[in-house]
Every structure is written in structure tokens, then in C-alpha cells.
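Worksheet for the structure shown next.
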Amino acid sequence: MKNIKPAFDVISKLNSRGVIITAKGNNVDFVSRFFAPQVGVNEDPVTGSAHTTLTPYWAKQLDKEEFTAIQLSERKGYLLCKYLNERVEISGKAKLYLIGDIYLD
């Protein structure tokens, strides 16, 4: 799955926020990648919203409720996911993205 070469020009024309690909993992329960050139992100490093969709899918496939997952972007993201029926709980380490101040009148 790491070797997949997405056709971003084709994906960017789809009427969706992005495309998720997934497979059963070797050292984790499942792996994934998320491509979203439609919104200016060719490949998202780690996508929490994608895992809210992937977790219920893999819960049915693997008949379990807790998962380890890796998003196989260049940076890689390691996640722990819990399927709680109406909710999905996701945890993992985060990278600092931005520090700033917001001033409101």
C-alpha cells in the first residue's frame, strides 16, 4: 500500500472530500492512506475523520472493538481506535501544527 501512486488529477475531479484506501495490517489491525487534492491536500499525514469511518468498517471485518492503526503517509501516523457503536474514540501522539493568538473585539 505504501507503493501506491495516486492519480491526483483524477481524484481531484471526484465529488467528494477525499479518497480513503485501507487494508489489513501486518503489525497493526489496519493501515490506510487519505488523499484529498480537492481541498488542497494531496495526502493528509494523519486523518482522524477518516478513522471515524474506517473503525466501524474494521469492527465488522475483524469482529472486535479496539484497534491499532497506521496511516502510511510519508510522516506516518500511529492511532489507537475504539468502536463505541454511535461514536469512535481515537488517540495517538500529535505533532504541533500552529501556535498563535486570536483577538476578538
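Write out, first by first residue and then by second, each pair whose Cβ atoms fall under 6 Å of each other, whose residues are 6+ apart or on separate chains, and whose first residue, in region 47-58, is outside any helix (DSSP H, G or I) while the second is modelled with pLDDT of 95 or more. So the pair list comes out as THR47/PHE34. For region 88-102, residues that are more than 16 Å from the chain's Cα centre (by Cα) and not β-branched (Val, Ile, Thr) total 5. Restricting region 12-52 to residues that are at pLDDT 95 or above and β-branched (Val, Ile, Thr), the residue that is farthest from LEU79 (Cα to Cα) is VAL19. Of all residues in region 1-55, count the ones that are of a type in the set (Lys, Arg) and buried (at least 16 other Cβ atoms within 10 Å of the Cβ). Looking only at that region, the number is 1. Yes or no: TYR57 modelled with pLDDT of 95 or more, aromatic (Phe, Trp, Tyr) and under 28 Å from SER12 (Cα atoms)? Answer is yes for this residue. For region 44-73, give me each residue that is in contact with an Asp or Glu (Cβ under 7 Å, 6 or more places away or on another chain) and under 16 Å from GLU89 (Cα atoms). Answer for region 44-73, where residues must be in contact with an Asp or Glu (Cβ under 7 Å, 6 or more places away or on another chain) and under 16 Å from GLU89 (Cα atoms): TRP58, ALA59, PHE67, THR68, ALA69. For LEU96, the conditions (1) touching a Pro at 6+ places or on another chain (Cβ under 9 Å); (2) at pLDDT below 95 all hold with the exception of (1).
The set of residues from region 1-38 being without any contact (Cβ under 8 Å) to a residue 40 or more places away in the chain, in a strand (DSSP E or B) and among the β-branched types (Val, Ile, Thr) comprises VAL19, ILE20, ILE21, THR22. When region 56-76 is filtered for residues that are under 13 Å from the mean Cα position of the chain (by Cα), of a type in the set (S, T, N, Q) and surrounded by fewer than 21 Cβ atoms within 10 Å (Cβ to Cβ), the ones remaining, listed by number, are THR68, SER73.
The values are calculated or read from the model by the stated rules, or taken from the named source; none is laboratory data. These numbers were taken from a predicted model, which means no experiment stands behind them. Using ideal geometry, Cβ is built from the backbone for each residue, glycine included, and neighbour counts are taken over all protein chains shown.
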